1. Take ALA25 and HIS99, extend 7 Å from each Cα along the Cα→Cβ direction, and tell me the distance between the two endpoints in nm.
2. Sort CYS50, CYS96 so that the residue with the fewest other Cβ atoms within 10 Å of its own Cβ comes first and the one with the most comes last.
3. Restricting things to alpha carbons, find the Rg to Rh ratio for the range 41-106 using the Kirkwood radius for Rh.
Amino acid sequence: MANNNGGQILKFGAPPPQGVNAPLAVVTSGVQRPQGLVATNLAATPASDCLQSAGCDILGDVLKHKVNGVATLSGFVIEDVCAVPVDPRITQYGTCTGHSLPVAQV
């Protein structure tokens, strides 16, 4: 994200479970009148919130995650929306019905 008035480029990461989402990095050297804003639907939640018993739906009505593990599981489950211009299952099978779509393929 650009801070035009301050001459900075700011990098943000996944929000913390509590408190302020402070920048992960700030670039000021060689920055002259930065302009622009980048936004994403990326969302994150603590992995322990997605345990198998209840699961979690981070972006809402997109995909329910269920993580096997213990309640003290560290880290985050991160979800982002992406567009797949051509579904590879159509080329491979002629249909996408009944065929899985591994993320690594797209």
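Quick note: the coordinates plus some simple rules give every number you see, no bench work behind them. All values derive from a computational prediction rather than experimental measurement. Here the Cβ is made from the backbone with ideal geometry for all residues, glycine too, and neighbour counts use every protein chain on show.
1. 3.9
2. So the ranking, lowest neighbour count to highest, is CYS96, CYS50.
3. Radius of gyration over Kirkwood radius for the range 41-106 works out to 1.07.
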